């Protein structure tokens, strides 16, 4: 079942359950899918990688907002954002653990022949492609810096 079909079914279930937070998050995902499908030059079909990018973007936006709300002591909005993050993350594959990420990056570093912090760009280019959808870009960057230091 495609993500779009799953989201449509879950929107109906959230409407019936009168779950407004879940409904809001699901509608935002659907909006992202529809925008991506109808953008100029698009084929109208999304790959699984495209779907994961949409979900990751939605989570990142909410995490950024949650960070702002936290610094401004807006608990009411912070709780709402965190609830939406939980809804969206349910559609993402399980994130890599720190140990798994380190092992994968060590393998990538060996493959590209990186040895110094100046090689970070080469490693990040390969790592972001290979680890897309499995972990956050910030986590990749931090671990690469640590490994190349």
Length-normalised contact order of the chain, Cα under 8 Å, at least 6 apart, in percent, tallies to 20 percent
Hey, got the Cα dimensions of the stretch 3-89 along the principal axes, in Å, largest first? 44, 30, 18
Could you state the number of Å between the C-alpha centres of the stretch 72-149 and the stretch 6-59? 23 Å
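Given an 8 Å cut-off on Cα distances and at least 6 residues of separation, report the relative contact order of the stretch 98-148 as a percent.
Numbers: 33 pairs, mean separation 22.9, N = 51.
Relative contact order, the stretch 98-148: 45 percent.
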What is the Cα radius of gyration of the stretch 53-149 over 2.2 N^0.38 Å, N being its residue count? 1.26
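State the percent of C-alpha pairs, over all pairs in the stretch 98-148, separated by a distance greater than 16 angstrom.
Across the stretch 98-148, Cα pairs with separations above 16 Å total 23 percent.
Readers should treat all values here as calculations from the given coordinates under stated rules, not as data from a laboratory. The shown structure was predicted, so the numbers you read here are calculated from the model rather than taken from an experiment.
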